[in-house]
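The values are calculated or read from the model by the stated rules, or taken from the named source; none is laboratory data. In this text the structure is predicted, and so the values were computed from the model without any measurement. Note that each Cβ is placed from the backbone with ideal geometry, even for glycine, and that neighbours are counted across all protein chains shown. What goes into the accessible areas is simple: the full protein's heavy atoms, side chains included, and nothing from ligands, DNA or RNA. Shrake-Rupley method; radii C 1.70, N 1.55, O 1.52, S 1.80 Å.
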Amino acid sequence: MSEDLVNEKGHRDKVDLLEHANGNGKHATMTATPEELAVIEDAHNAHDVEMDEGEKNRLLRRIDLAIVPYAALLYLLSFLDRVNIGQAKLAGLITDLKLTNHTYNIALTVFFVSYVAFEVPSNLALKVLHPRRWIAFIMICWSICMTLMGTVKTSGQLIAVRFLLGLFEGGLFPGLNFLLTCFYTREEQGKRIAIFFAGATLAGAFGGILAFGIRHMAGIGGYNGWRWIFILEGLLTFVCALPAYWLVQDFPATSKILSRGNDRAKWLHHLTISQGVTNAEMPFEWRHVRRAFADWRTYTYALMYIGIAQPFYSLSLFTPTIIAALGYKNAVANLLSTPPYVLGFITTLGTAYLSDRMRLRGPFIIFWMSVLIVGYIILIAQNKPSVSYFAIFLSVAGVSPCIATAIVWVGNNFGPITTRATTMGVFFTLGNSAGIISSWVYPTTEAPRFFTGHSVAIGFAVMAIVCATILMVTNSRENARRDRLYGPVAKDGQHNNPLGQDNAELLKKWGLEGMSRDQILDLGDRHPGYRFTVGASS
């Protein structure tokens, strides 16, 4: 087989097919069971895989109801359990455990050490073990850790339990985001992932209200208020985790919500129109993992994400402290940390709606990160409580929409699925390591203006803007190069539809004659008919 992909005009695209094709002679197969595989393959010749708008909306509503609300609830609980230590700090944690500022920062840091170390392995485990089993397991484990955190007696015990909490929480966010990118087209992902991520902003909003109420349980059972914050929120997570085995969905090729009639074949056909060969189910292979690690874009997306996540974690962990440093009492600081996150919830969902409607990703990240920078500059430049509180609103409103937008963007642009899972694991691993940095840049000695913390956040925000600009330019140039070599692609996605990869006319157009269908699917985002999301979701 030639190692050049030759188009009909004689152009030669230098792509190493030895990396794409199975060198050991084995053909890739779909990861569905034989019965499910037959349904999927029958869709190639079936006359009823096309859906009208009403039928598509019917299936979309069913999938939305089965996936999005529960996923949003799980992430709300995850984020609440992750950052409630900031509320507990104001409810007596520091005094009771005799924590120094240094020891408290260690307790914050160890969570993110185990969290980021577990994200890539967890995404690979999710792919092999199935989402409903894996998500249920890690949720029950972290809810137990959260509850036990309310019983710790020493700083060492607190640090140990925080490490275990990060280990088990590390798989939820990247895993559910990966699952969402497999169920929805590129045009449908934005609003759903934004609703899912909105759980974090709701956690920031209601965490303060919950902490304000729970801290008044001080004395019950001989426990101070901060212990009850950990215990009750951990028990809440445990209760919500119990039905996860039945409520979390597996991948589209096996999910029970697509088992009626020909729904599975129809939805898989619908997905291929947007995702093309990048969404084709293939068996786990280590070379797909290596492909993700070898792609420079993986690290550019990850650097963009850490540039967004660092100020986000800084605000999530230290907003109560920042507000308290402005002169408000601890209980009042718990309450005042709520309104900025209500605004963040609104900007997150509003941006998702506009982003999908306008088919833009990168420009929204650049705009909102600029708003964040303005907020931090105001925090540094003056010391009036009312003005600083307004600046916190700007900062939270600016950073909140960018997380979901960045996740959708990276999920749009990688394939095959194992490569996408690995890329998103690296994306979240590097991005969430921002929590380690955030834990150490807000020394209490710099209150109330926190020059170091705010300056570091501005630097990371600038890096996010630079990376977003680079990705917009390079993806646009690669799309233009493929258009120049092979011609434009059909808007209905038929040119890189996995169900049409034995079409002789298309094979000739892309210069793929002589390659098997499985080898073509293995090309993923390197398929000549695939076009990257630039700033637009196209």
Original post:
Of the residues that make up the range 113-129, is at least one buried (at least 22 other Cβ atoms within 10 Å of the Cβ), of a type in the set (Gly, Ala, Ser) and modelled with pLDDT under 85?
Top reply: no
Subject >> Wholly enclosed helices (runs of 4 or more DSSP H) of the range 180-299 bearing at least 2 residues under 30 Å from ILE520 (Cα atoms) >> reply: 189-214, 263-275, 286-294
Original post:
How about the range 223-237: which of its residues are open to solvent by less than 70 Å² (accessible area, probe 1.4 Å) and not acidic (Asp, Glu)?
Top reply: TYR223, ASN224, GLY225, TRP226, ARG227, TRP228, ILE229, PHE230, ILE231, LEU232, GLY234, THR237
Original post:
Name the pairs: first residue in the range 384-403 and more than 19 Å from ARG449 (Cβ to Cβ) and touching a residue at least 12 places away in the same chain (Cβ under 8 Å), second residue in a loop (DSSP other than H, G, I, E, B) and open to solvent by 10 Å² or more (accessible area, probe 1.4 Å), Cβ to Cβ under 6 Å, at least 6 apart or on different chains?
Top reply: none
Original post:
Would a scan of the range 435-442 turn up a residue that is surrounded by fewer than 19 Cβ atoms within 10 Å (Cβ to Cβ), in contact (Cβ under 8 Å) with a residue 24 or more places away in the chain, assigned to a loop (DSSP other than H, G, I, E, B) and not acidic (Asp, Glu)?
Top reply: yes
**OP:** Restrict the check to the range 219-231 and report whether at least one residue is within 24 Å of the chain's Cα centre (by Cα) and on the phi < 0 side of the Ramachandran plot.
**Re:** no
Original post:
Which residue out of THR321, THR300, THR351 is open to solvent by 10 Å² or more (accessible area, probe 1.4 Å) and within 23 Å of the chain's Cα centre (by Cα)?
Top reply: THR300
Subject >> Every residue from the range 355-377 that is more than 16 Å from VAL462 (Cα to Cα) and among the aliphatic types (A, V, I, L, M) >> reply: MET358, LEU360
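Conditions (1) at pLDDT 95 or above; (2) open to solvent by less than 40 Å² (accessible area, probe 1.4 Å); (3) within 12 Å of the chain's Cα centre (by Cα), marked per residue:
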| site | (1), (2), (3) |
| --- | --- |
| GLY150 | no, yes, no |
| LEU172 | no, yes, yes |
| LEU179 | no, yes, yes |
| LYS191 | no, no, no |
| ALA194 | no, yes, yes |
**OP:** May I ask you to list the residues in the range 384-417 that are over 24 Å from VAL342 (Cα atoms) and either at pLDDT 90 or above or not in a helix (DSSP H, G or I) (or both)?
**Re:** ASN413, PHE414, GLY415, PRO416
**OP:** Taking the options LEU335, LEU343, name whichever one is open to solvent by 20 Å² or more (accessible area, probe 1.4 Å) and at pLDDT below 80.
**Re:** LEU335
Original post:
So is ALA136 over 26 Å from PRO311 (Cα atoms), open to solvent by less than 30 Å² (accessible area, probe 1.4 Å) and either assigned to a helix (DSSP H, G or I) or small (Gly, Ala, Ser) (or both) or not?
Top reply: yes
Original post:
Among (1) touching a residue at least 40 places away in the same chain (Cβ under 8 Å); (2) open to solvent by 10 Å² or more (accessible area, probe 1.4 Å); (3) of a type in the set (Gly, Ala, Ser), where does GLY156 come up short?
Top reply: (1)
Subject >> Output for the range 366-376, where each listed residue is open to solvent by less than 10 Å² (accessible area, probe 1.4 Å) and in contact (Cβ under 8 Å) with a residue 24 or more places away in the chain >> reply: MET369, LEU372, TYR376
**OP:** Take LEU379 and decide whether it is open to solvent by less than 30 Å² (accessible area, probe 1.4 Å) and not in a loop (DSSP other than H, G, I, E, B).
**Re:** yes
**OP:** Answer yes or no: is there a residue in the range 354-371 that is polar (S, T, N, Q) and at pLDDT 95 or above.
**Re:** yes
Subject >> Members of the range 58-74 found to be crowded, with 16+ Cβ neighbours inside 10 Å, farther than 16 Å from ALA203 by Cα and of a type in the set (A, V, I, L, M), listed by number >> reply: LEU59, LEU60, ILE63, ALA66, ILE67, VAL68
**OP:** Those residues that are of a type in the set (S, T, N, Q) and touching a Phe, Trp or Tyr at 6+ places or on another chain (Cβ under 7 Å), I need them from the range 463-488; list them, please.
**Re:** ASN475, ASN479
Original post:
Can you tell me which residue in the range 96-110 is surrounded by the fewest Cβ atoms within 10 Å (Cβ to Cβ), limited to those that are assigned to a helix (DSSP H, G or I) and of a type in the set (Val, Ile, Thr)?
Top reply: THR103
Original post:
So which pairs qualify, if the first residue must be in the range 294-307 and closer than 10 Å to PHE427 by Cβ, the second must be at pLDDT below 90 and open to solvent by 10 Å² or more (accessible area, probe 1.4 Å), the Cβ gap must be under 6 Å, and the two must be at least 6 apart or on different chains?
Top reply: THR298/VAL426; ALA302/VAL426; ALA302/LEU430; ILE306/LEU430
**OP:** State all residues of the range 257-308 that are at pLDDT 85 or above, touching a helix residue (DSSP H, G or I) at 6+ places or on another chain (Cβ under 8 Å) and among the small types (Gly, Ala, Ser); if no residue qualifies, say none.
**Re:** ALA292, ALA302, GLY307
